[in-house]
Amino acid sequence: MGLRTDNFNVNFEVKAKVIYESDTDDIINQYIIFCKVFNEQTKRYGMTQKAVTETICICKDRNVLREYLAQREKEVVTIMMSLFDEEQIMKSFIKSERHDEARETAERMIKMGKLSLDEIALCVHSLSLDELRELEAEVMQLA
């Protein structure tokens, strides 16, 4: 009795529809234009209410989603600003987590006592030398 191995060839076919801006005046095309205008305005003004209000103004002037934006402008601003807030909260959380991890790493290195603060600063880029000095002082007080 021997082991039997079979080789199987599996082919997958993936299809994706990509939607582009076109000359049509349908709702999907208008939404694509709205998103393009919004991206331009966020590049110009950042993730701000100014970017949102400018996007709405430009789109209304270009007759893009004009009726919808005229009826629900405040709602659109509120929704888009809440999206900014959620994104900012997530970015802040990630930045805070990374900073905490960097501090923990630097603290372990300081406790080991094998590297100078300058050398630790080369390894832990996100902490300044002043932050490392403060951390060293904290570690020495606990010791």
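A short reminder: the numbers here are calculations on the coordinates, not readings from a lab. Predicted, not measured: the structure shown is a model, and the values here were computed from it. Methodologically, a virtual Cβ is constructed for each residue, glycine included, from the backbone with ideal geometry; neighbour enumeration extends over all protein chains shown.
Remark: the MET90-THR48 segment gains 13.5 nm on full extension, using 0.36 nm per residue and subtracting the alpha carbon distance.
Taking K and R as +1 and D and E as -1, what net charge do the other residues with C-beta under 10 Å from the C-beta of GLU107 add up to? After counting each charged neighbour, the total is 0. In order along segment 38-44, phi translates into HN-Hα couplings of 4, 4, 4, 6, 5, 5, 7 Hz, rounded to whole numbers, per the Karplus curve 6.51 cos²θ - 1.76 cosθ + 1.60 with θ = phi - 60° and x for Gly and Pro. With 23 Å as the limit on Cα-Cα distance, the pairs of LYS36/LYS95; LYS36/LYS60; LYS43/LYS91; LYS74/LYS95 that go past it are LYS36/LYS95; LYS74/LYS95.
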